[in-house]
Amino acid sequence: MTRLVSAVALVLMLSACAGGGGFRAVSDAPVRIGPAYAVRGTTYVPAAAPDYDRVGYASWYRNESGNRTANGEKFRPGWMTAAHTTLPLPTYVEVTALDTGRRIVVRVNDRGPFAAGRIIDLSRGAAEELGIKAQGHAMVRVRRVEPSEKDRKRLREGKSAAALAPVAGRELERLRGQVSAGVR
């Protein structure tokens, strides 16, 4: 009986050291695509999508601090993260606010949004950095990117990637026109 109690105690101690509350460590491996799933009658089919480039609307997470993301990490509202319905977890995307042209890179580590017309949910930190927090939602372009290892490391640590020059003029008008026309 003493051996059993000792073994259980050892397992509990090791699990406390390893998991940080049972959350998966922030890592880029393994990349998980996952099976198809349904939410509110809509089926989503995750896929690799190396050329993903869409326009639509972004929103941002509200009160989910401390919850587990779809890939098992702890949700941290101040980090540059996002949720997407079908991209692999994790994936890096560039998000452009189509009202200002401001661009940021975020790490997709969760599933969502599940609201019509929305293509990405941003963390509070990402929404603030992109300048859309006060609006609640905004027209955006979401494009899959492969950032440098330095930027990946910064994002995995909860910091921002290197600043990007804003998109200007005609390109912004073209992208806004795509949203208005319903082009994905």
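Odds and ends about this structure:
- P(r) for the range 26-181, from all Cα pairs and a bin width of 10 Å, is 11, 44, 37, 8, 0 %, short bins first.
- Rounded tilt (10° steps) of 2-19 against the dominant C-alpha axis of the chain: 20 degrees
- MRE, 222 nm, helices only [DSSP H, n ≥ 4, -39500 (n - 2.57), over the chain, to nearest 500]: -7500 deg cm²/dmol
- Exposed-site-free run, longest, the chain (rule: chymotrypsin sites (Phe, Trp or Tyr not before Pro); DSSP loop; at most 16 other C-beta within 10 Å): 24-113
- Cβ-based charge dipole, the range 125-172, positive-most Cα from Pro147, Gly169, Ala127: Pro147
- Counting only Cβ charges, +1 for Lys and Arg and -1 for Asp and Glu, the dipole size of the chain around its Cα centre is about 180 debye.
- Cβ-defined net charge surrounding Glu157, 13 Å radius [Lys, Arg +1; Asp, Glu -1]: +4
- Bridgeable lysines around Lys150 (alpha carbons under 23 Å apart, same-chain partners fewer than 8 residues away excluded): Lys74, Lys159.
Bear in mind that the values in this text are calculations on the coordinates, not laboratory data. What you see is a predicted model; the values in this text were computed from it and never measured. Virtual Cβ from ideal backbone geometry, glycine too; neighbours counted across all protein chains shown.
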